[in-house]
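Undergrad: Mind having a look at this structure? Questions to follow.
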């Protein structure tokens, strides 16, 4: 579609209506004025011709044959001032506009025996030229041209003015119709466009996720059909969404139920493997190894079930923050000390960074990040704490090969294993996912990437007081 | 040797915990239901009760409240979920501590021992603060003329706080000293125990005189 064509539905409708109206009224006006004008002119012409013939007929019997100058002048006087009467070489006195008479007309009169008319325009005025041969009746009764020709000129301005007035009236009527048509187009456009606009609004709400949005179909036209179709579509989308949501909820509940049911047998296993562990000295080598494996795997199972339950709690939205005033630096140090990691990790931190956090959740995040770096990266593993006025950043880096590009977007996915060959890592595969959920619970964020020297780099960013961080200029110690 | 009453409905877990706790030097009696547990508790008072919260019939919360109403025997609850509902409900019912399943018997044993310890390292003396009289030798407490019976945990909390009146103790510090928890102890244990202690020794627990809250930090004894 060309650029000159308006893009909106409403201007297009209006333009279409206007175009049709203008063309229609132009055609009508042209046709009316043309035929009416022609008829007017023709009837005038006929009247004038008849008058002239009558006047000529009235003086014919008084004219002797062949006529002399005086006779020609007499004929001229009786027909009118703008008249010329000719007989062979004799000419009557010239009338005022006798100069308009054309040779063409004279030719026609000379050759025929009837009245001939011609319309000419001189100095913007229309004129009617009438030429008539004077007929005489022979002694034997035959009518024949006498050789006298009468030419007269009549002004047609009055007729022309009548025609002009007609055109003006038609044009005015056309303009009025155009205005009326535009109004009509507006009303029609509104009538057509309102349901379209309602439909558009409904579609937008649907797209934005409001699946309850519907439009009441009006009438029985194509738009109403479209409305019904869209409503049906929304209905079916809503249905599938509800089914999917139900299935997801079922899956979540199933995971929660399963891990809950696993707790009691796992508790028993945990209790008895500890008894086993205390009595391995009396066992044979193979039995001792088996007991050892039972103990290790029981611990792993416990960890996985606990992580699974934690994820289920996040999915169910049943987790709550229990915030306390905590010194971030001592909290990190406590976490490292409790897991015997202090001597394997370089801690770079200021004296003290007071924050409001859930200690247990912070512990889970830090333990996961550090454990991950120690397991998958190379030493030295560095932990840095950097604070500004509103936030505290905890940066964990290692000296390993870093994260592959295709891995970065998925490190926080559940059960994601960067190296598919090494499926048997000691973790549950949920650690980083849980760490991210915990960070978000604090209104914070956890991001993964690679450091300048190539090792993996995880950054935990927490507001120093969740829920009440005012955006403002940050100052203080920066990275 | 402590006599433990273990109330747990799953027979295998009950037996497993009995085996493991016996190895730690305890004598373990068992009950399958809350009702049976209460019967056994009344028949012979144990040193401590280890109580599963999810029991058929009378649940763990009710059992805990009954036991608390009948004496000062410490209660440790076993919670399957470890979520706030269980923990808060159990602590309000009067439990001294809780362990989340699957619990390692070593951890459970450490908690049992901590909860049973009535004393802290304090000089032998009789301290008097207004109407409150604390005898650190006989471990008796009286308010005015009336003797007050405290659970071992309440006693240790009071002894710890009153050791240096006016000094502020953070919740984590109290958890480590009184409950012997690691650095991630649940500070709700402290708050709950403080409430129970206040109910026993304060004239008006809503306006405490002896155990005062220091907002944002923790608790202190006095100044009276």
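Undergrad: Residue B:105: modelled with pLDDT of 90 or more, over 12 Å from the mean Cα position of the chain (by Cα) and buried (at least 19 other Cβ atoms within 10 Å of the Cβ), yes or no?
TA: Details: modelled with pLDDT of 90 or more: yes; over 12 Å from the mean Cα position of the chain (by Cα): yes; buried (at least 19 other Cβ atoms within 10 Å of the Cβ): yes.
In short, yes.
Undergrad: Restricting attention to segment A:247-291, which residues are farther than 20 Å from residue B:104 by Cα and not in a helix (DSSP H, G or I)?
TA: Within segment A:247-291, A:283, A:284 meet the criteria.
Undergrad: Next question, about the same structure. Out of (1) within 16 Å of residue B:182 (Cβ to Cβ); (2) surrounded by 22 or more Cβ atoms within 10 Å (Cβ to Cβ); (3) within 50 Å of the chain's Cα centre (by Cα), the odd one out for residue A:364 is which?
TA: Among (1) within 16 Å of residue B:182 (Cβ to Cβ); (2) surrounded by 22 or more Cβ atoms within 10 Å (Cβ to Cβ); (3) within 50 Å of the chain's Cα centre (by Cα), the lone unmet condition for residue A:364 is (2).
Undergrad: Continuing with the same structure: For residue A:261, which of the numbered conditions (1) within 13 Å of another protein chain (Cβ to nearest Cβ); (2) surrounded by 13 or more Cβ atoms within 10 Å (Cβ to Cβ); (3) more than 18 Å from residue B:22 (Cβ to Cβ) fails to hold?
TA: (2)
Undergrad: Condition check: within 12 Å of chain B (Cβ to nearest Cβ), part of a helix (DSSP H, G or I) and crowded, with 18+ Cβ neighbours inside 10 Å. Does residue A:329 satisfy that?
TA: Numbers: within 12 Å of chain B (Cβ to nearest Cβ): no; part of a helix (DSSP H, G or I): yes; crowded, with 18+ Cβ neighbours inside 10 Å: yes.
Judged against the criteria, residue A:329 is not a match.
Undergrad: I'd like to check something: does segment A:386-405 contain any residue that is modelled with pLDDT of 90 or more, within 29 Å of residue A:312 (Cα to Cα), within 14 Å of chain B (Cβ to nearest Cβ) and surrounded by fewer than 20 Cβ atoms within 10 Å (Cβ to Cβ)?
TA: The answer is no, given that none of the residues of segment A:386-405 is modelled with pLDDT of 90 or more, within 29 Å of residue A:312 (Cα to Cα), within 14 Å of chain B (Cβ to nearest Cβ) and surrounded by fewer than 20 Cβ atoms within 10 Å (Cβ to Cβ).
Undergrad: Could we say that residue B:39 is under 19 Å from residue B:11 (Cα atoms) and surrounded by fewer than 16 Cβ atoms within 10 Å (Cβ to Cβ) here? Full working, then the answer.
TA: Numbers: under 19 Å from residue B:11 (Cα atoms): yes; surrounded by fewer than 16 Cβ atoms within 10 Å (Cβ to Cβ): yes.
Judged against the criteria, residue B:39 is a match.
Undergrad: Just checking, does segment A:210-222 include any residue being touching a helix residue (DSSP H, G or I) at 6+ places or on another chain (Cβ under 7 Å), under 24 Å from residue A:15 (Cα atoms) and surrounded by 14 or more Cβ atoms within 10 Å (Cβ to Cβ)? Don't jump to the end; show me each part of the working.
TA: First, the residues of segment A:210-222 that are touching a helix residue (DSSP H, G or I) at 6+ places or on another chain (Cβ under 7 Å): A:211, A:213-215, A:217-218.
Restricting the remaining residues to those that are under 24 Å from residue A:15 (Cα atoms) gives none.
Scanning segment A:210-222 turns up no residue that is touching a helix residue (DSSP H, G or I) at 6+ places or on another chain (Cβ under 7 Å), under 24 Å from residue A:15 (Cα atoms) and surrounded by 14 or more Cβ atoms within 10 Å (Cβ to Cβ).
Undergrad: Please go through segment A:332-361 and pick out each residue that is at the interface with chain B (Cβ under 10 Å from one of its Cβ atoms) and within 16 Å of residue A:435 (Cα to Cα).
TA: Listed by number, the residues that qualify are A:335, A:359, A:360.
Undergrad: Further, regarding this structure: Being over 22 Å from the mean Cα position of the chain (by Cα) and within 13 Å of chain A (Cβ to nearest Cβ) is the filter here; which residues of segment B:22-32 pass it? Before the answer, list the steps.
TA: Keep residues of segment B:22-32 that are over 22 Å from the mean Cα position of the chain (by Cα), which gives B:23, B:32.
If the condition is that a residue be over 22 Å from the mean Cα position of the chain (by Cα) and within 13 Å of chain A (Cβ to nearest Cβ), then B:23 is the only one that fits.
Undergrad: Every residue in segment B:3-21 that is surrounded by fewer than 16 Cβ atoms within 10 Å (Cβ to Cβ) and either more than 26 Å from residue A:277 (Cβ to Cβ) or more than 9 Å from every other protein chain (Cβ to nearest Cβ) (or both), please.
TA: Within segment B:3-21, B:3, B:11 qualify.
Residues are listed down the side, and each one gets a yes or a no for (1) closer than 30 Å to residue A:32 by Cβ; (2) in contact (Cβ under 8 Å) with a residue 60 or more places away in the chain; (3) not in a helix (DSSP H, G or I):
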position: A:110; (1), (2), (3): no, no, no
position: A:119; (1), (2), (3): yes, yes, yes
position: A:127; (1), (2), (3): yes, no, yes
position: A:140; (1), (2), (3): no, no, yes
position: A:144; (1), (2), (3): no, no, yes
position: A:150; (1), (2), (3): no, yes, yes
position: A:159; (1), (2), (3): yes, yes, no
position: A:163; (1), (2), (3): yes, yes, no
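The values are calculated or read from the model by the stated rules, or taken from the named source; none is laboratory data. Fair warning: this is a prediction, and the values are worked out from it, not measured in the lab. Virtual Cβ from ideal backbone geometry, glycine too; neighbours counted across all protein chains shown.
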